[in-house]
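A short worksheet on the structure shown next.
The values are calculated or read from the model by the stated rules, or taken from the named source; none is laboratory data. None of these values were measured; they are calculated from a predicted model. Reconstructed Cβ throughout: ideal geometry from the backbone, glycine too, with neighbour counts over all protein chains shown.
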Amino acid sequence: MIEVFGVRHHGPGSAQAVREGLARLRPDAILIEGPPEADALVRFAAGCEPPVALLAHVPGDPSRSAFWPFAVFSPEWQAILYGTLHGVPIRFCDLPAAHLLAPEGGGERGVRDPIGELAAAAGHDDPERWWEDVVEHRAGAAPPFEVIGEAMAALREGYTPDAFEARREAYMRRVLRATVKAGHERIAVVCGAWHVPALAGPPPPVKADDALLRGLPKVKAALAWVPWTYERLAIRSGYGAGVGSPGWYHHLFTVADRPVERWLGAAGAVLREEGLAVSSAHVIEAVRLAESLAALRGRPLPGLSEVTEAARAVLCDGDELRVALIQRRMVVGDRLGHVGDDAPLVPLQRDLRERQRHLRLHPAAREEPAAPPVRELELDLRKTLDLGRSHLLHRLRLLGVPWGVPGEARGKGTFRETWRLEWRPEFDLALIESAALGTTVEAAATRRVLDLAPTGQNLGELAATVEKCLLAELPGALPGVLAALSERAALDADITHLMSALPAIVRAHRYGDVRGTPAEGLAAVARSMLDRVRAGLPATLPGLSWQAAGAMLAQVDGVHAAVDLLGDPAARERWLATLLGICDTPGAHGLVEGRLTRILLDAGALADAERRLARATSRGGGPARAAAWIEGFLAGGGLLLVHDARLLDLVDAWMSGLSGAQFTEVLPLLRRTFGGFAVPERRAIGDRVRSGAGGGRPEREVDERRAAPAERTVLTILGRAHG
């Protein structure tokens, strides 16, 4: 006896119907649509917590991969659980991944929407909603597999499958014949509803199927179980199946009693967690509205559209931001699956598991399967545990696994790091593809760095690589990368390359000190590069355009910060002397000269800032250059003008002395300069100018005759008689 269960790949009603159908049939063999190479992996499913996926990939070619995801409400997953629980043999019967992943594997793929065609025939314009009403929401109804099979057979009358689909179904029939030949008498087949007629009806001759499968392109494919997420389940992948509301479907499958009431109650709890006022009365009224909408629309159960509309109107007061919160947290969900420890893993994955266990740093809390996979992590690098976590996260980033994204550390000091952790299923593929580099995360990251160092990396990229090595603590990679860096730095004559690379070199030197990682030679390389920057900078600055001057400012600021971080007083003095010499030599762009003057002033190396500002704003230089000079000078912030009355008077006098045409010419530059100040700084500057607190210019005497009309008008507005 062969019974074919035609399902929707991710549907709670289909999953429930399959579970009931298997309990009734009590099969002695189960065939499931999926890659046959995964037959050996079925026994590890019992240790997995869905959502999980079968990953098929071509070793050495990460572009050729496919996923077959499963949720708890997937009919195929329920069939797998039934088979493993009752000791029933399970085989996957779709076209092998070795063919699917090959170039042109299986032939051209056609596009057909059978559910859409059935919905249209029934007079519905929403296929998903029609399928939910007919199949997914049929609580307590008999499984409609026979009816579904008849409907699909009617759709396929006169239809010729495309080459890809014909080969898939030919392989399914081949596996089915082999299962019958092996002596199994009660065989259950779980597949997409579209394939039911091809498997339940009279089969074509064996020779015809063999001819379809002969000569298919083939590659070496490897398979493994990997964790999945509901967010990724909403994206079509692998065999093209996806579902836009996995959180809602999970709820329908796992909550048998009063699903609508419990859903809207949970939605109210989500909103209350955000500090929003949602009472029990709100929830009761939302349930009534959802049920009324379903009755008006002739639906057997309020669907997602009804509960969403009810939540929008009653719980969210029409606020779409609140609706979006429910959508993100509940409709899609952020559940992360888990693959059992006994499942086969490549050595690199196994080492990562061990490191995560040792560092107590799991992708999700094991005691809370529904815990969000995104979390914030604060590290104190003075603690051994946190330092180890930092090394692991940095090593994974070198392997193309950005599980952690660095953020801006809260608080001061170089001993703190902030990370945003979010595990994504494709990271497992990246780990598998990196398995050839080493059996441990450290060894693989070291090999990746050494492979990249001799390639066409420029000086800045090499400097960044050195910094990454120190952050990840890869002592085995440092000597090779440092040698490549020293060689490239000695040969690179471009001053901008040296300036771009120097901050990373100095940070790497400092990290080596802070983290206790030896980085001998970096200080000498940094000093040598700084000397070459000092020698070449004066000749680079004259004749710069506005855009080039702005880019040069960023590089000068970076070098200056690096010099301070280097902690070498003699090198700092030489650097400041170079900047002072540039300021004293005509020819530099006003933006650059103003910025260098400010750097020297803040460093305590300049005693005549007022004279230089007065010279820059004199009539001989022109208003445009003066505005550029002021923009560069004030780029560090507006507090300087708040606390230095003399400088404020000089700027105020220059602006007051501009003609109307000149002021219009420089207004965009001035607006950009002062617009960059914080609001309190702008307010304080305005108060000082208005009160004349600068002391540089006496207040003008008031002409009482000319002011009299204005005075009378103001007094009239205020309702006071003029005395």
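Quick one: Gly333 ticks every box in (1) surrounded by 21 or more Cβ atoms within 10 Å (Cβ to Cβ); (2) at pLDDT 90 or above bar one, so which box is it?
Result: Gly333 fails condition (2) only.
For Asp557, state whether it is over 36 Å from the mean Cα position of the chain (by Cα) and not aromatic (Phe, Trp, Tyr).
Here the answer is no, as Asp557 does not meet what is asked.
Quick check: anything in the stretch 36-52 without any contact (Cβ under 8 Å) to a residue 24 or more places away in the chain and among the small types (Gly, Ala, Ser)?
So far as the stretch 36-52 goes, yes, one or more of its residues are without any contact (Cβ under 8 Å) to a residue 24 or more places away in the chain and among the small types (Gly, Ala, Ser).
For residues in the stretch 374-389 being under 29 Å from Glu231 (Cα atoms) and in contact with a helix residue (DSSP H, G or I) (Cβ under 7 Å, 6 or more places away or on another chain), which is surrounded by the most Cβ atoms within 10 Å (Cβ to Cβ)?
Arg389
Name the single residue, out of those in the stretch 649-701 being modelled with pLDDT of 75 or more and among the acidic types (Asp, Glu), that is farthest from Arg595 (Cα to Cα).
Per the stated criteria, the residue is Asp687.
Go through (1) under 19 Å from Ser659 (Cα atoms); (2) of a type in the set (Lys, Arg); (3) touching a residue at least 24 places away in the same chain (Cβ under 8 Å) one by one and return the number of the condition Arg615 breaks.
If we test Arg615 against (1) under 19 Å from Ser659 (Cα atoms); (2) of a type in the set (Lys, Arg); (3) touching a residue at least 24 places away in the same chain (Cβ under 8 Å), just (3) comes out false.
Inspect all residues belonging to the stretch 309-316 and state whether any of them is loosely packed, with under 13 Cβ neighbours inside 10 Å and modelled with pLDDT of 90 or more.
no
From Arg328, Arg299, grab the single residue that is within 24 Å of Ala17 (Cβ to Cβ) and either among the hydrophobic types (A, V, I, L, M, F, W, C) or surrounded by 13 or more Cβ atoms within 10 Å (Cβ to Cβ) (or both).
Being within 24 Å of Ala17 (Cβ to Cβ) and either among the hydrophobic types (A, V, I, L, M, F, W, C) or surrounded by 13 or more Cβ atoms within 10 Å (Cβ to Cβ) (or both) holds for just one of Arg328, Arg299, which is Arg299.
Conditions: (1) more than 24 Å from the chain's Cα centre (by Cα); (2) under 30 Å from Thr229 (Cα atoms). Leu452 meets all but one. Number of the miss?
Checking Leu452 against (1) more than 24 Å from the chain's Cα centre (by Cα); (2) under 30 Å from Thr229 (Cα atoms), the one that fails is (2).
Which residue out of Tyr171, Tyr230 is closer than 27 Å to Asp428 by Cβ, modelled with pLDDT of 90 or more and within 42 Å of the chain's Cα centre (by Cα)?
Tyr171
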